[in-house]
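Engineer: To start, I am sharing the structure in question, which I have written as structure tokens.
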Amino acid sequence: MPFDFTRHRADSIERYRAVRPLYEHFAESLRAVLRASIPASCPIHSIEARAKGLDQFGDKASKPADDDASVPKYPEPMRQITDLAGIRIITFFPRNLEDVGRSIDAEFDVVERRDKGEELVAEGRFGYQSIHYLVKLRETRTTLAEYRRFEGLIGEIQARTILQHAWAEMEHDIQYKSVAAIPALIRRRFMSLAGMLEIADREFQTIQDADAALREDVRLALDVDLSTIEELKVDKVPLEEQLETLDAAAQPEERAYVRGNARALLVSGYYTDAVRAYDQVIAVHPNVHTNYLGRARAKFLAGDTPGALGDLASAAAIFPDDPQIPRLREQIEEGASLSAVERNTAQAKVFEGNKLLASGRAEEALQRYTEAEAIGWHANYSHYNKAMASCMAADFGKMRECLAQYRSRRNTFFGVGLAAVLVLAALLAEEAYEPLLADLREQLAVVNGYSFARSPLRFFEEGVMKRNPDVSDRLKVVFLELRSPNDELPAATA
């Protein structure tokens, strides 16, 4: 008796109908986990979640087997069909797919990973590219009440770039909605277009890398250690009052006071606020060319390149012989590795050390920080930088030696920094860390204005994940504590 595909389809739909709401909630939970775990440095176009439709499930369940059309491909569809809960992540750039992959590996048990692009290359073809993951929630989640009902469920995650997505959607529409088979000529054109879009993806990635390198170089040139700001804050006179006093003393009485001081905002990373502050300064002193240079730097770092170049032109019209103008213009227009502000040799060593630390090269970073201290960099900041590098290198004896010389006071930015390094060291050494973490939380609760995004610990976080990705789950608890609502960065530095 021939197999009844119609009955099989109807029965499959009814069985799936009973559990589809569960898969809808499962898909939403997968999306929520991904949204929380993908780093802010990884730009995502969209994350879509869906449970498979009833008709789609029925159609798939009633497909005939590839090798025998008289029997179904999925005799047990509820067990064999694995994309009942689906997530689609669309990124802007190819390298973002690697960040997404690391987040998936860190948060889920990956049952299967398939790279459609690699499969096509192996077959010598162009076409639809996407990375598919079959995942389960880890046991550490399914033991929690809100995730317990999802234990054992499998979801599918598709990750692709926005160009790969555009190609796949158009190809799918034509292939599956056309009544006639696709002529060979049209298919060849599709394959050619796939190759062109792959080249475009790579070019966009190259442009993004160059832009990121330029912004990082300028940001590091303007960077100030967290401890610099702390030194101002802990003085007898509050920082805001100091700035107001200096501002009033330096300018005529009729000059409008610029709250926050444009230069202080710029070097502290508040680029949009710095632009507004420079606007007020320039309104009062329109013929001082250095004000236009400062605003040019602030505009560039806030993402306004045309505005920055316009300010350089204004500065050149006032003082055409200033050598800073062509240097900064070259940096903005061509991405040359030039400093946005002049810096001394010791500062340069520190910036090199920060870059090395963020790359996971702790031993080389330690050497740069040591060299900076030898030629005059502030000893306290040097002790802290060297302690971070030693911690990353798992040289905990050297770390403790540096911290013993580090002058910190409890419930200050200095104290938070010390507490954070101690917790990180305990976690890396797999020692008891709970009391140290409790101490860090206590200090964070009373320290106002702490910003992880402007702390040198951000270089440690980036570097330790590159050096040893296996520790990411262990260390995440510290970095989540350090981040706070105060930690909002301007768009150009996020």
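Engineer: How large is Rg over Rh for region 24-123, taking Rg from the Cα atoms and Rh as the Kirkwood inverse mean of 1/r across Cα pairs?
Structural biologist: Radius of gyration over Kirkwood radius for region 24-123 works out to 1.04.
Engineer: Let me check against my output: what whole-number percent is the relative contact order of region 345-493, with C-alpha pairs under 8 Å and at least 6 apart?
Structural biologist: After rounding, I find 24 percent.
Engineer: Amide H of His45: which non-local residues (sequence gap of 5 or more, or other chain) have their own amide H closer than 5 Å, using H built in the peptide plane?
Structural biologist: Ile90, Thr91, Phe92
Engineer: Using 0.36 nm times the number of residues separating Met196 and Asp109, minus their current alpha carbon distance, what extension gain do you get?
Structural biologist: Stretched out fully, the Met196 to Asp109 stretch lengthens by 27.8 nm.
Engineer: Using a Förster distance of 22 angstrom, determine the FRET efficiency expected from the C-beta separation of Asp11 and Asp66, and round it to 0.05.
Structural biologist: 0.50
Engineer: Ok, one more. Per-residue counts of other Cβ atoms within 10 Å, averaged by peptide: what ranking do you get for 290-296, 142-148, 348-354, highest first?
Structural biologist: The peptides rank, most packed first, as 290-296, 348-354, 142-148.
Engineer: Sorted from fewest to most neighbouring beta carbons within 10 Å, what does the list Glu14, Glu481 look like?
Structural biologist: Exposure proxy ranking, most exposed first: Glu14, Glu481.
Engineer: Using label points projected 7 Å from each Cα along Cα→Cβ, tell me how many nm separate Arg79 and Glu98, to one decimal.
Structural biologist: Output for this residue pair reads 4.1 nm.
Engineer: Computed FRET efficiency, Cβ-Cβ of Leu22 and Leu144, R0 22 Å: what is it to the nearest 0.05?
Structural biologist: Efficiency for this residue pair is about 0.85.
Engineer: For an R0 of 25 angstrom, estimate the FRET efficiency from the Cβ-Cβ distance between Glu401 and Ala445 and round to the nearest 0.05.
Structural biologist: Efficiency, from the Cβ-Cβ distance: 0.25.
Engineer: Moving to a separate point now. Please give the contour-minus-distance gain from Thr305 to Ile318: 0.36 nm per residue of separation, less the Cα-Cα distance, rounded to one decimal in nm.
Structural biologist: 2.6 nm
Engineer: Let me ask something else. Could you work out the relative contact order of region 1-147, using alpha carbon pairs under 8 angstrom and six or more residues apart, expressed as a whole percent?
Structural biologist: Value for region 1-147: 23 percent.
Here, each number is a calculation from the coordinates, and none is a lab measurement. Quantities reported herein were computed from a predicted structural model and do not represent experimental measurements. Note: ideal-geometry Cβ built from the backbone for every residue, glycine included; neighbour counts use all protein chains shown.
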